[in-house]
Amino acid sequence: MNDKITFYRVQGHNGWRVQKQLHGIRFVKDFYGSEDKRQKQAAAWWEDIKARYSNNWDGTKTWGFFKTKWEAWALLETKDKSALAKRTIDEYKWAFRQTERLIKPLRYLADITIQTLRQARGVLIDEALQKGAGNSAPNKFVNCMRASLLWAIERGYMADIPLDNFHTLPVAAPEVKTQSAREIELLLKYGSTKERVIVLLGFDSGCRPDEMVNMLVDNLDLENGFADIAPHPENPKRGITQWHPKKWKIRQIRLTPRLINEIKLLNPPGPYLITSRYGEKYTNTGFSQMYSEFVDGVNEKIRFNEKDPIKLTGTCKTLRKDYSTSRQGQGATMEETGQSMGHASKQVTRKHYTNTQTPQMREQERVRLRQLDKYIVPLNYDTPPKE
C-alpha cells in the first residue's frame, strides 16, 4: 500500500486534490491553504481512511445488509424533513425492488456491476415504451441506484464501479398546455371587473402573476396604452414596498383597448392596481389562491348556464402561455414575443410558453418552410456533367 500523498491542481478554484485507492475503492478530497497545512490535513485524512476501510470490505457484504444499513442512514438523515423524506425513501425502495426483480442472482453487492445495471435500465425502457410512457421511470431508477451505490462505495461496502458511465436518458420537452378561445371568453363572461382585468393582463399583455400583484396605478399610461414593469420606489407613506424585478423583466407592456376599458371601470384607488376586498395588496400565494377560487366559481356557473359545459383547469400563469401562442399565431416572431414577455432568450419562449401544435402555428411553420424552398436550387438531370 502506497502512503505517498500527491496533490493535483484543481482547475477553476485554488484547491488541491488528492486521490487515493484502497481495495478498489477510490477516495477523493480537496485541500486548501499552504503546502505544510495541506500535507498535514491530507496525511490525517488518509490515516483515517485506512483505519475505517482497510478491513471493511471483503466481498461478502450481502444485498440485505446494504438495504438495512441504507434505510437506517436515510431515516436518520431526513428525520426533520418528514414529507420529503417519505417520498424520497419510497422512490429508493421502488428502485431496490426493480433491482431485485431484474438482476439475478442478487445475493451479494458484488453481483451488481455496471453491465447488470445497464441491462436492468434497458428492461425498464422497454416496459415504458409498451405503456406509452416516457423515460421518467428508467431515469428514477438510474438516479436512485447511482446515489445509493455511491453511498455504499464510500463506506467500503462494495468495490468501486464506474457509476459515471451509468447515465440517465433524455426526457421529451414538456407539452405546453394552453386554453382555447372559448375558455377565455367564459372567463371574461362570468368574471367580475377585477377578475376580467387579471385575465386580460395575462392574455392580452403577457403579464406574470407577480407583476400583476405589484403593478402600480402610477405606472399605467391609459391614454397611450402602455404600462411600465419597473422597480417600485420606496415610499412608506403610501404603503409601497420595494419590488425589484430581474433585469430582463424591466420592460413596457401594451394595453389593449378592452383592457383599458376594464381598468377604467375598475377605477382602482391605488397605489396598487389589483387589491383584495379590504383594499390590501395580495401576496403571491394569496393571489394564486384567489385566481383558483375564481376559476372554480366560473366552472360552477358554466355547469348550470351553458348548453355544452366544459371544465376550466388553467392557472394564472397559463394566460401567459395563451398570450405567447396567440402572438405566434398572429405572425409575431419568437424574438418579438420573448421581448414583450420579458424572457432572456427565445428558447425559453418556444420551449415553455408556446403551443406549437395549434392550427395557426402549424400553418406558420408551413409558410416558413415554403419560403426556405425558394432557396433550394433544383438539380438539372438533362445536362450531362462536364468532364
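For the stretch 320-359, what mean projected area does the convex hull of the alpha carbons give, in nm²?
Taking the Cα atoms of the stretch 320-359, their convex hull projects to 2.4 nm² on average.
Which order, highest average first, do 303-310, 124-131, 198-205 follow once you tally other Cβ atoms within 10 Å for each residue and take the mean per peptide?
Result, highest mean first: 198-205, 124-131, 303-310.
Separation between the Leu188 and Lys37 pseudo-spin-labels, each 7 Å from Cα along Cα→Cβ, expressed in nm?
6.7 nm
Can you tell me the order of 162-170, 92-100, 251-259 when each peptide is scored by its average per-residue count of other Cβ atoms within 10 angstrom, highest first?
Most protected by this proxy first, the peptides run 92-100, 251-259, 162-170.
Could you list which residues have their amide H under 5 Å from that of Arg254, counting only those 5 or more apart in sequence or on another chain, with H placed in the peptide plane?
Amide H neighbours of Arg254: none.
Of all accessible surface on the stretch 99-143 at a 1.4 Å probe, what whole percent is carbon and sulfur? Please list the in-between numbers first.
Values: 1260 of 2570 Å².
Carbon and sulfur together cover 49 percent of it.
If each residue of separation counts as 0.36 nm, what is the full-extension length gain between Leu76 and Gln21 once their alpha-carbon separation is subtracted?
16.9 nm
Roughly how many Å² is the accessible area per residue of the stretch 122-175, as a whole number, for a 1.4 Å probe?
The answer is 53 Å² per residue.
If you average the alpha carbon positions of the stretch 113-129 and of the stretch 301-358, how far apart do those two centres end up, in angstrom?
Each part reduced to its Cα centre gives a spacing of 38 Å.
Need one value: the accessible area of Ser345 in square angstrom, 1.4 angstrom probe, rounded to the nearest 10.
40 Å²
When the chain is fully extended, how far beyond the present Cα-Cα distance does His167 get from Ala230, taking 0.36 nm per residue of separation?
Answer, rounded to one decimal: 18.3 nm.
Mind giving me the nanometre distance, one decimal, between the label points for Ser180 and Lys50, set 7 Å out from Cα along Cα→Cβ?
Placing both labels 7 Å along Cα→Cβ, they lie 7.5 nm apart.
Measuring from label point to label point, each 7 Å out along Cα→Cβ, what is the Thr256 to Ile89 span in nm?
The answer from the label model is 5.2 nm.
Roughly speaking, what is the stretch gain from Val217 to Arg303, that is 0.36 nm per residue apart minus the C-alpha to C-alpha distance, in nm to one decimal?
Result: 27.4 nm gained on full extension.
Using a Förster radius of 22 Å, what is the FRET efficiency between Ala159 and Ile125 based on their Cβ-Cβ separation? Nearest 0.05, please.
Values: r = 27 Å, r/R0 = 1.21.
My answer for the efficiency is 0.25.
The values are calculated or read from the model by the stated rules, or taken from the named source; none is laboratory data. The structure displayed is predicted, hence computed values, not measured ones. Neighbour counts are summed over all protein chains in view; Cβ atoms, including those assigned to glycine, are modelled from backbone coordinates with ideal geometry. Note: areas computed on protein heavy atoms with side chains; ligands, DNA, RNA excluded. Shrake-Rupley method; radii C 1.70, N 1.55, O 1.52, S 1.80 Å.
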